[in-house]
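Working notes, beginning with the structure itself.
The values are calculated or read from the model by the stated rules, or taken from the named source; none is laboratory data. Keep in mind that what you see is a predicted model, and the values were worked out from it rather than measured. With ideal geometry, Cβ positions are generated from the backbone for all residues, glycine too; neighbour counts draw on all protein chains shown. Quick note on the areas: whole protein, heavy atoms, side chains included, nothing else; ligands and nucleic acids left out. Shrake-Rupley method; radii C 1.70, N 1.55, O 1.52, S 1.80 Å.
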Amino acid sequence: MDEREFRELGHDLVDRLADYLESVEEHSLYPRATPAEIEALFDEPLPWDGSPADKVLAELEAKLLPNCTHVNHPGYFGLITPSPSPVGILGDFITSTLNQNVGAYSIAPAGVAMERRTIRWLTDLAGYGEGAGGNLTSGGMMANFTGLKLARDWASGDRAQSDGLKHSWAVYASEERHVSVDKAVDAVGVGRKQLRALPTDQRFALRIDALEEAIAQDKRAGIRPMCIVGMAGTTNTGAIDDLSTLRGIADRERMWLHVDAAYGGGMLLSRKWPGLPGLERADSITIDPHKWFFAPLDVGAILVKDENRLERSFGLEPPYLKDNRDTTGERYQYYARGFEQSKRLRSLKVWMSLKRYGGKTIGTWVDRNVEQAKHLYEIVSRSQQFRAATEPRMSAICIRYEPSRALEENALGRLHKEVATRIEDRGRFWLSTTFLKGKWWFRICPVNIRTRLEHMDALFAELQQTCADVLASTPEPGSR
C-alpha cells in the first residue's frame, strides 16, 4: 500500500466511521446471530495472498459491524464501557501511526513527556501534591494489581521484591469490590483466602465496625494487616467508602491505603456534585480514563502519592535497556517504574480529549449521566412494583421487580435474567443483572454522551411490559 492508497483508504474509512456514529441508534444494539454463527463468519485458514483493501473493508462491514455490541448506542446501559469521544478515536488513529513505545525514553521522547503531563493532570484532579506520579495501564485490573504490589512492597520494607512474602498478610475490602482486587491479591502472593471481603451498609459502603473487627481478629491470629482497598464508585451502585476514616485506620495499623476509583474517578470532573471526599489521602489510586473520561479502550491509570515508590517497587535496569545518553537522570524510564516494557502511547487520546473538550465539557457529560440515573430513580420511586437498591450517587443504579404475586428469590432471579435477555434480543437497550444482599436486581449504568432522559423513560416502559410478560408465563408455585 503506497501513500496514495493509504490516503484514499483513510478518507473513506473516516467517512464510514462518521456515518456509523451518526446512525448508531438505528443499529440493533446487540447482535442477532448466535455465537456459533459468528464464529463461522471468521472460520477460514490463514490467508497467504492479500486482498484489495476495499474488499477487506466490505468484509468488515458484513461480518464485524452487525455483530458488535454497540456501546456508542444511547441505549447501552451495561458494563462500564462508555461511548468514546470522537477526538479520542482520532487520537488512537495517530497513536497507531506513530507506534511509539513509551516504555523507554529513547523510543518515545515526546510520548513520555505527554504521559507524564497526563498523569500530572490526573494527580491534580485527585488532590495529590507535586511529589505524586503514576503510570497509564491497560485498565483497572493492571492498575489495582500495581497498587497491591506497591502495598506489598511498602509493607514488607521493600524486601518482598527479592525475598517474597515471609509472613501471612491480609488485605481488606468490601463485598462490593471489583473482581480485579481478588486477582491482584492472588498475583502478588498474598492469596485469595487472605482477602477479607467485608459487609457493607445500606448504601453499600464498607462497614467500619466490620473492618475493625477483622483487623483485630487477624492480629490475634498472628496475621499482619497489609492494605485496605477503599472503593470510590462501586460497579453495582457507585458506592463510596468513608475514605477519611479508612486513612485513619491505615495510619494507626501502619497499612497502605489503595482506593479503586476506576469508575468513580469521573466524578472529579463533575460540575454539579461533590467529588470523592478523602481521595487525596490514599497512598495509591486507580482511575480509568477509558471509563468516565470517555477515552477509547484501553487506558487505565495508577496514581501514587509518592512517585518514588514506583522505582523502589519496579526499578530494574538491565544492561540492554540502559540509556547511555542519560547522564543527568532527565530521561524518564517508564519500564523501571512499572510492569510494561512495551508500552503503548495511551496518553495521546486522553490528552487530546482534555485539550479539545476541556474538563468542563467532559464534566457536563458525567453530570448528564448522573441526572439520567437519578431520573430513573424518581420514576422507580413512584412505581408500585419496582424499587431501587439505593439512591444513585453516580450513574449506576440497581432496580428490582417485585410483583404483587409472591415468588421465591430463585424464581425472581430467573425472571430478572429472562427479562434482560428479551430486552437484549430486541436490540434497543442493553442492561445487566446482579446480586446484592441476597436479592436479584437489574443493573443500569448510563455512561454515554448520546444518552438522553427520554431513553430512561423508554427503558422503564420496556422493563415494565417485559416483566409483566415474563411473569404471566411464570408458573404459580406448586403448579405443574
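Over region 275-421, calculate the relative contact order: mean separation of alpha carbon pairs under 8 Å at least 6 apart, over the residue count, as a percent.
About 14 percent, as a whole number.
Starting from the amide H of Gly139, placed 1.01 Å from N in the peptide plane, find each other amide H under 5 Å away whose residue is 5 or more places distant or on another chain.
Gly300
Sorted by average packing, counted as other Cβ atoms within 10 angstrom per residue and highest first, what order do 317-328, 301-312 take?
Numbers: 317-328: 9.1, 301-312: 20.8.
The most tightly packed comes first, giving 301-312, 317-328.
Which one, Gly10, Gly88, Leu46, is farthest towards the positive end of the dipole of region 7-111 when Lys and Arg carry +1 and Asp and Glu -1 on their Cβ?
It is Gly88, whose Cα lies furthest towards the positive end.
Output the peptides 258-270, 442-454 sorted from most to least packed, where packing is the average of other Cβ atoms within 10 Å over each peptide's residues.
Descending packing order for the listed peptides: 258-270, 442-454.
Of the options Pro446, Ser404, Ile240, report the single residue whose Cα projects farthest towards the positive end of the charge dipole of the chain (beta-carbon charges: Lys, Arg +1; Asp, Glu -1).
Value computed over the given set: Ile240.
Quote the charge dipole size of region 6-163 about the Cα centre in Debye, to the nearest 20; the model charges only the Cβ of Lys and Arg (+1) and of Asp and Glu (-1).
820
Strictly over 29 Å apart at the Cα level, which of Lys305/Lys437; Lys305/Lys374; Lys149/Lys439; Lys183/Lys219 would you flag in this model?
Lys305/Lys437; Lys305/Lys374; Lys149/Lys439
In Å², and per residue, what accessible area does region 336-399 have when probed at 1.4 Å with the other protein chains present?
41
With every protein chain present, what is the per residue accessible area of region 154-304 (1.4 Å probe, Å²)?
About 37 Å² of surface per residue is accessible.
Order these peptides, 376-386, 358-368, 126-136, by their mean beta-carbon neighbour count within 10 angstrom, highest first.
Numbers: 376-386: 15.1, 358-368: 18.0, 126-136: 20.1.
Those peptides, ordered most packed to least, come out 126-136, 358-368, 376-386.
Counting alpha carbon pairs within less than 8 Å and at least 6 residues apart, what relative contact order, in whole percent, applies to the chain?
Answer for the chain is 20 percent.
Hey, what do the phi angles of region 213-222 turn into as Karplus ³J(HN,Hα) couplings, whole Hz, using 6.51/-1.76/1.60 and θ = phi - 60°, x for Gly and Pro?
So the Karplus estimates, Gly and Pro as x, are 5, 5, 4, 4, 5, 5, 5, 5, 8, x Hz.
With +1 on the Cβ of every Lys and Arg and -1 on the Cβ of every Asp and Glu, and nothing else charged, how large is the dipole of region 204-321 about its Cα centre, in debye rounded to the nearest 20?
Working: 14 positive and 17 negative charges, 40 e Å.
Once rounded to the nearest 20, the dipole reads 200 debye.
In what order, largest first, do Phe339, Phe77 sit by accessible area if the probe radius is 1.4 Å?
Details: Phe339 95, Phe77 0 Å².
Sorted descending by solvent-accessible area, the residues read Phe339, Phe77.
To check you understand DSSP bridge types, tell me what percent of the beta bridges within the chain (both residues inside) are antiparallel, rounded to 5.
55
Per residue of region 167-177, what does 6.51 cos²θ - 1.76 cosθ + 1.60 with θ = phi - 60° give for ³J(HN,Hα)? Whole Hz please, x for Gly and Pro, Karplus curve as stated.
10, 8, 10, 9, 10, 10, 8, 7, 5, 9, 5
Please name whichever of Pro296, Val188, Thr433 sits farthest to the positive end of the charge dipole of the chain, dipole taken about the Cα centre and charges placed at Cβ: Lys and Arg +1, Asp and Glu -1.
Val188
Evaluate the charge dipole of the chain about its Cα centre and quote only its size in Debye, nearest 20, assuming +1 on the Cβ of each Lys and Arg and -1 on the Cβ of each Asp and Glu.
That gives the chain a dipole magnitude of about 1560 debye.
Express the carbon and sulfur contribution to the solvent-accessible surface of the chain as a percent, rounded to the nearest whole number, probe 1.4 angstrom.
Carbon and sulfur together cover 51 percent of it.
Report the net charge of residues surrounding Tyr263, where surrounding means a beta-carbon distance below 9 angstrom and charges are Lys +1, Arg +1, Asp -1, Glu -1.
-1
Just to verify a number: FRET efficiency for Lys219 and Thr434, C-beta to C-beta distance, R0 = 51 Å, to 0.05?
0.90
Quick one: which residues, 5+ away or cross-chain, put their amide H under 5 Å from the amide H of Arg224? H built at 1.01 Å from N.
Long-range HN contacts for Arg224: Ser168, Trp169, Ala170.
Take the alpha carbon gyration tensor of region 1-52, find the square roots of its eigenvalues, order them as a ≥ b ≥ c, and report rounded if a/c is under 1.5; if not, report prolate when a/b exceeds b/c, else oblate.
oblate
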